[in-house]
1. Restricting the search to the stretch 20-50, which residues are among the β-branched types (V, I, T) and either buried (at least 20 other Cβ atoms within 10 Å of the Cβ) or without any contact (Cβ under 8 Å) to a residue 24 or more places away in the chain (or both)?
2. Checking E46 against (1) part of a helix (DSSP H, G or I); (2) over 27 Å from S91 (Cα atoms); (3) in contact with a Lys or Arg (Cβ under 9 Å, 6 or more places away or on another chain): exactly one of these is not met. Which one?
3. Does the stretch 110-167 hold any residues that are assigned to a loop (DSSP other than H, G, I, E, B), basic (K, R) and either under 20 Å from D96 (Cβ atoms) or touching a helix residue (DSSP H, G or I) at 6+ places or on another chain (Cβ under 9 Å) (or both), and which are they?
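A short reminder: the numbers here are calculations on the coordinates, not readings from a lab. This is a predicted model, so every value here is computed, not measured. Ideal geometry is used to build each Cβ from the backbone, glycine not excepted, and the neighbour counts take in all protein chains shown.
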Amino acid sequence: MKKLITLSFLLMNCLFLQAQTYKEWVRKADSCYTAKNYELSVSYYEKAFKIEQKDNRDLYNAGCSASMAKRNKKAFKWLNLSIDNGYENMSHIKIDNDLKPLHSEKQWNKTIDKLQKKLDVIGANYDKVLEKQLAEIYTEDQEIRGEFMNVYRATKPDKKKIDSIGK
């Protein structure tokens, strides 16, 4: 009987040591994303989201990972949850290279419309002309940065291209 209790105690301790927190799963998912192991990133996000689904940034990043892993249904699910949990950056979602594979899907326009409706409610009293100008500035700035990062992250960064983008 004593051996059984000891074995049970050891087993319980091992299980608790194996348990991961939400943030640990997200860190692993982010690391896999950075290493371009999108499929593994998606699996870690799935484990994190079994614990909670509240952080719109994590949900958005998970949507990007799923998109890159060609898991479109899951990408849209997470992007929509991100919007439900406070994501508001229309300019970014439209130019994010990770999400470009989703643009040809019917669900893409539904997701964009959902975000736009949310923004319309939030921005009912905003200066529309100024808002449009700022969105255009942001989009132009981020497109250039995105182009730079694609060249910079290449296996062999092309110094001439980097200099050209800088100019």
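1. Kept after step one, since they are among the β-branched types (V, I, T), are these residues of the stretch 20-50: 21, 26, 34, 42.
Result: V26, T34, V42.
2. (2)
3. Filtering the stretch 110-167 for residues assigned to a loop (DSSP other than H, G, I, E, B) gives 123-127, 153-158, 167.
Going one step further and asking which of them are basic (K, R), we end up with 153, 156, 167.
R153, the sole residue that qualifies.
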